[in-house]
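Colleague: Before I ask anything, let me first share the structure, which is written out below as structure tokens.
The values are calculated or read from the model by the stated rules, or taken from the named source; none is laboratory data. Quick caveat, the model's predicted, so the values are computed rather than measured. Neighbour counts are summed over all protein chains in view; Cβ atoms, including those assigned to glycine, are modelled from backbone coordinates with ideal geometry. Heads up: the accessible areas ignore ligands, DNA and RNA and are worked out on the full protein's heavy atoms, side chains in. Shrake-Rupley method; radii C 1.70, N 1.55, O 1.52, S 1.80 Å.
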Amino acid sequence: MTDFDVRVARADEYEPVSGLFGEAMMFESTPDDLGRQLFEPERTLVATDGAAIIGTTKALTRDLSVPGAVVAAAHVTGVGVRATYRRRGVLSQLMARQLREVPEAIAVLWASEPAIYGRFGYGAAAWGTNYEVDLRRVGPTNDRIRPGALGVLTVDEALKELPTLLRRAQEQRPGVSGRSDLLWQKHLEDKPDDRNGRIARQILVHRDEAGIITGYALWRGKMNWVATGPANEVLLEELIAPDPTAYRVLWQHLLTMDLSAKLGYGHGAVDEPLQQLVTTPTALERRVGESLWLRVTDVPRALQQRQYAVPVDVVLDVTDDLIEANTGRFRLTADETSVSCERTDAPADLTVSIAALGATYLGGRPLTEFAPTGHVTEHTPGTLNRATAALNWPIAPVSVEIF
């Protein structure tokens, strides 16, 4: 018997839900009008003990780029349990119910504590690169480029211009989340209390020779002086440049900021082309870590809504301890023009855990990686390599924001 209930949140519970999450994560929650407008009570679950909310989780309505497509994906966030209710099954009940009820075929999240989410069938599907760049050593290359022009936008201008570029980025690289108009407003909100001593956000854009915006960078600066003089710090929050020239020009500008000694950037891809733009790659101090975790909630629908790098015909035997409908054998067939995934009674070529399927779904991790640990078992010789080649994608997935 449990001493708590799990239910859907009410529209008037935005503040207590936000407050509980802030308490669980140990930050001061400051509810605001945009947050209230973005609150989706029908997609928020709360655990209650009497009248008190003791746990919560939210699934935001957003889309996500996957190999060859942009699809609906439940963006899970706001997961927290009151400290005095830990180790009592609150989180387990919240997560299990959420995964069974989300209408999307996949769910994604950023894991504040990675050890938690593997228990619920999530797999780390995208890796991010955190850069700490020594601007005094890095040395941008002197490659000849047709630079176009750099400029800045106001927030109102950015709200009109930048969404198109993010959509183009989604068409190029898996793992990129889309934003509604309201989410863009929240993303570009710039409250002085949130700047941590840095200057107001700068919205830098590149225009091609026709005046069309082809890339943007959101960055802040912070004044810093040392005994030898100025050593300012640049924080790059986001850089989206589907056009190669825009990518190179924006980075050249950021790597040559006057009076600056350091640049930080937390959302690079593992195949980020940045190292090709500098003469001293060792000045790009890099740390690679897990970013986006993915959970398949509907196996046939999820496998049908992405594309595959090479043709494939394989029977997968999937095991899922939380979602019964995901357990069984599915025949996946795909070529350049079509994809099909249906239940079958045919013998399995591969046995695959739901976590391994999620980890490989965005094309950034090979299915073969999971064979030595028993998350994938090959029954028909040669099918593991063929399935791995099909699931892999030539461009690494990356998540450009923490949601």
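Colleague: Find how much the distance from Q37 to V8 grows on full extension, using 0.36 nm per residue of separation minus their present alpha carbon separation; answer in nm with one decimal. Write out the running numbers ahead of the final one.
Modeller: Values: separation 29, 0.36 × 29 = 10.44 nm, distance 1.75 nm.
My answer for the length gained is 8.7 nm.
Colleague: So which aspartates and glutamates pass the test for K262, namely a Cα distance under 19 Å, with those fewer than 8 places away in the same chain ruled out?
Modeller: E132, D134, E233, E237, E238, E272, E285
Colleague: Using the heavy atoms of the protein chains alone and a 1.4 angstrom probe, what is the accessible area of region 50-110 per residue in square angstrom?
Modeller: 37
Colleague: Also, quick follow-up: In Å and on Cα atoms, what radius of gyration and Dmax does region 272-316 show?
Modeller: In Å, with Rg to one decimal and Dmax whole: 18.3, 48.
Colleague: Quick check: residue separation of T256 and N130 times 0.36 nm, minus the Cα distance between them. What number comes out in nm?
Modeller: 43.4 nm
Colleague: Something else about it: What is the distance in Å between the Cα centroid of region 61-115 and that of region 163-193?
Modeller: First find each Cα centre; the distance between them is then 20 Å.
Colleague: Kirkwood Rh over Cα pairs of region 234-336 into Stokes-Einstein at 20 °C, 1.002 mPa s: D in µm²/s?
Modeller: Numbers: Rh = 17.9 Å.
Using the Kirkwood radius from Cα pairs, D works out to 120 µm²/s.
Colleague: For region 333-403, give the magnitude of the charge dipole about the Cα centre (Cβ charges: +1 Lys/Arg, -1 Asp/Glu; no others), in debye to the nearest 20.
Modeller: Using Cβ point charges on Lys, Arg, Asp and Glu, region 333-403 gives about 160 debye.
Colleague: Mind jotting down the three principal axis lengths of region 1-138 based on Cα atoms? Whole angstrom, largest first.
Modeller: 59, 36, 33
Colleague: Based on the Cα atoms of region 161-287, what semi-axes does the equivalent ellipsoid have, where each is the square root of 5 times one gyration tensor eigenvalue, given in whole Å with the largest first?
Modeller: 25, 19, 14
Colleague: Equivalent-ellipsoid semi-axes (√(5λ), Cα gyration tensor) for region 19-94, whole Å, largest first? All intermediate terms of the calculation are to be shown ahead of the outcome.
Modeller: Values: eigenvalues 131, 52, 25 Å².
The equivalent ellipsoid of region 19-94 has semi-axes of 26, 16, 11 Å.
Colleague: When the accessible area of the chain is computed with all protein chains present and a 1.4 Å probe, what percentage of it is carbon and sulfur?
Modeller: The value for the chain is 50 percent carbon and sulfur by accessible area.
Colleague: Give me the distance between the Cα centres of region 333-403 and region 135-159, rounded to whole Å.
Modeller: 38
Colleague: Here's something else I'd like to know. Mind checking which lysines have their Cα closer than 20 Å to the Cα of K186? Skip sequence neighbours fewer than 8 apart in that chain.
Modeller: K58, K160
Colleague: Could you state the principal axis extents of the C-alpha atoms in the chain, from the largest down, to the nearest angstrom?
Modeller: Principal-axis extents of the Cα atoms in the chain, largest first: 67, 56, 40 Å.
Colleague: Please give the calculated 222 nm ellipticity per residue for the chain, where each DSSP H segment of at least 4 residues contributes -39500 (n - 2.57) and the sum is spread over every residue; nearest 500 deg cm²/dmol?
Modeller: Details: 10 runs with 93 residues, N = 403.
So the calculated ellipticity at 222 nm is -6500 deg cm²/dmol.
Colleague: So, one more: If you line up the Cα atoms of region 286-403 on their principal axes, what length do they span on each, largest first, in Å?
Modeller: 46, 33, 27
Colleague: In addition: For region 123-211, what does the accessible surface come to per residue with a 1.4 Å probe? Please give it in Å².
Modeller: Using a 1.4 Å probe on heavy atoms only, each residue of region 123-211 averages 55 Å².
Colleague: What is the dipole size for region 236-354, taken about its Cα centre, with +1 at each Lys and Arg Cβ and -1 at each Asp and Glu Cβ, in debye to the nearest 20?
Modeller: 300
Colleague: Put +1 on the Cβ of every Lys and Arg and -1 on every Asp and Glu Cβ in region 217-365; which of L277, L362, S260 then has its Cα farthest towards the positive end of the dipole?
Modeller: Value computed over the given set: S260.
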